[in-house]
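The values are calculated or read from the model by the stated rules, or taken from the named source; none is laboratory data. Note that the coordinates shown come from a computational prediction; the quantities given were computed from them, not determined experimentally. Here the Cβ positions follow ideal geometry from the backbone for every residue, glycine too, while neighbour counts run over all protein chains shown.
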Amino acid sequence: MTLQQVTDWLERLELEQYAEAFRDNHIDGATLRGLNDAELEQLGVVSMGHRKRLRAAIAALSDAIPPGPLADLIPRLPTPLALPLAEYLKETEPKLKLWDACDAVEDLLRLLVFLGIGELCRLRDNKLPGDLPRDFHQAIEQPTLGKWWRMAQQVAQHIARQVADPKSADTALPELPSAIAQTLVPFLDGPADPRTVERSFLELRNQLAHGGVNYRQIPRLLQHWQAPFEALWPTLAWLADLHLTVRTATGYGRLRGPDIVPEPLTPPPSAPSAPAVAAQDAVVALRGERVIPLWPLALFGIPRHPEHGTDPAAPPLPQVYVRRGQVNLHYRPLGKTAIVQSESDQTATERFLALFRAPEPPRPKDRQGFSVQGFEDSFRTLAERLIGRTRELDTLRSAVTATPNGVLWLDGPASMGKSYLVVALAAELIADPPAGTLVLGYQFRANDALRCAREPFLRFACERIEAALPPADRPAPEGDGQPPKPLERLKTLLARLAERTPDLTPACPRPSPPRCASSPRACRPWAPTTSAPCSWSVSVRCARNCCASAVVPHSTLCCIPTPTGSNIPAQGNALG
């Protein structure tokens, strides 16, 4: 703790009347922890009650973070770094302490990437340069420690070009390239050959994560890495010059030290900087007059629960991006909180996609005229590699035949050939589909960047279902001439399928059957003729044909059998 931080600490204890005496006697964090009762009295703390309050606060401070150079640096660092480092210093169990060190390094790389991306956007009209959007696209959607490290190296290279180019604007992060090349590369990668847990911190973390380190090795590895790990952070002390600034209920705050409550920022941001901080949930890094935007990768606000939304009574918290979910971005709220994962709003997701989605190249049409290529050829190739498994394939065929609607889940130990079984059956069904059935096979593969995502999957389904419908039943284009969103398009197509569907027995709980107009009793048997999600309705026809159709609410999207001879999908079986 610096002299100013000791003053702030006294103010939080409501003992600010002693701040001048502490400052005049150069009481910093290290000296504070060693003060005894007599020394407090010499400093002018005459009141027994005040001395007891100070001694209790000093004891709590001492218990939380043991003294040392790293402990003195932590209160000056941005909160996303100070918190994991404080946890590391407090931990005494060797294996957990090693894990805390790994977490602190990952949080460091994450923050360096956030800062680098924000700085490059600041220098380039809010856009990333060159091929970075394309290069970062997959890595940042599901990042790992190794991916954060590669992204940190890439942003450092771009900022190094800015530093070296005399015509470029002055960068706010001139230390970043050397911090990566001279400090982090030797620490994380170590010598190339051999790469062991004693020579590479990344290798240590990988072995810890995958069970490659036994409990007997832990104390020795902690002793080996503790000194270089703790020596790493003073070389990064320039990060303390960055003020992570947020808007609070009372003005502006700074996220500094291991406290998740922002400390007041005085003086407040200058007039040119203020608009960047005024935005809802915004977090910016201020260095002098330069403003580095960190939103949407970091935000400050009430955490949004993925299912229950925000709790208006909850306090705002700093949150850092961890991955992109199916709908929105996922964050980790900092500090001890009941919500371990929060979710962004749509605005943050749209900004994220604008940053990291390179312009799509023109979509080549496949030989059937679809913009999303099918998997038929690859299914056939993989199916030919399947050897044996006749009995398992027969079992799978029987299960599909016996399941008119719903989902089949194929489970089993890793690497036993489940994917080959499913692909073989898919190739068989696509080549020779059951009567009145359209079989659509789709495969999500991590190395297939163009198709391993929600949007191309929805387009794939829409194009093929629309092609299967008679031209007269295909939905008309939108009135504004713009193509509809894929999910909305799919809903419309399913509704058209439902309109062409005969009697259907739903797999979900049935609504109450309608009353027959010619009888006080309910019509029996009865069945819905169409089905759709809960926002739609189900048209129900009396099976005796003695009364008109009625409309009954329905809560589940059911699978739709088709008329005999139709080429509309007859069932919605899925295998995963």
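A426 passes all but one of (1) surrounded by 14 or more Cβ atoms within 10 Å (Cβ to Cβ); (2) under 31 Å from the mean Cα position of the chain (by Cα); which number fails?
(2)
Looking at the structure I just gave you, is L386 surrounded by 14 or more Cβ atoms within 10 Å (Cβ to Cβ) and either free of Cβ contacts under 8 Å to residues at least 24 places away in the same chain or not in a loop (DSSP other than H, G, I, E, B) (or both)?
Judged against the criteria, L386 is not a match.
Which condition number in (1) in contact (Cβ under 8 Å) with a residue 24 or more places away in the chain; (2) under 22 Å from Y331 (Cα atoms); (3) not acidic (D, E) is the one that A139 fails?
For A139, the exception is condition (1).
Listed here are the residues, each with its yes/no results for (1) part of a loop (DSSP other than H, G, I, E, B); (2) in contact with a helix residue (DSSP H, G or I) (Cβ under 6 Å, 6 or more places away or on another chain).
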{"position": "D170", "(1), (2)": "yes, no"}
{"position": "I180", "(1), (2)": "no, yes"}
{"position": "V185", "(1), (2)": "no, no"}
{"position": "D193", "(1), (2)": "yes, no"}
{"position": "L204", "(1), (2)": "no, no"}
{"position": "Q207", "(1), (2)": "no, no"}
{"position": "V213", "(1), (2)": "yes, yes"}
{"position": "R220", "(1), (2)": "no, no"}
{"position": "Q223", "(1), (2)": "no, no"}
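What are the residues in segment 190-224 that are closer than 18 Å to R150 by Cα and over 25 Å from the mean Cα position of the chain (by Cα), if any?
Within segment 190-224, G190, P191, A192, R195, S200 qualify.
Of (1) within 18 Å of D103 (Cα to Cα); (2) in contact with a strand residue (DSSP E or B) (Cβ under 8 Å, 6 or more places away or on another chain), W148 satisfies all except one. Which?
Checking W148 against (1) within 18 Å of D103 (Cα to Cα); (2) in contact with a strand residue (DSSP E or B) (Cβ under 8 Å, 6 or more places away or on another chain), the one that fails is (2).
Can you name the condition, by its number, that L40 falls short on among (1) within 24 Å of P264 (Cα to Cα); (2) part of a helix (DSSP H, G or I); (3) modelled with pLDDT of 85 or more; (4) among the hydrophobic types (A, V, I, L, M, F, W, C)?
(1)
Only one of E91, E106 is of a type in the set (D, E, K, R) and modelled with pLDDT of 95 or more; which?
From the options E91, E106, the qualifying one is E106.
Just to be sure before I move on: is K52 farther than 30 Å from R351 by Cβ and in contact (Cβ under 8 Å) with a residue 24 or more places away in the chain in the structure I sent?
So K52 fails the test.
Test L35 against the stated conditions and say whether it is more than 38 Å from the chain's Cα centre (by Cα) and either among the basic types (K, R) or not assigned by TED's automatic domain parsing to the domain that holds V213 (or both).
yes
Does P67 fit the bill of being at pLDDT below 90 and touching a helix residue (DSSP H, G or I) at 6+ places or on another chain (Cβ under 6 Å)?
yes
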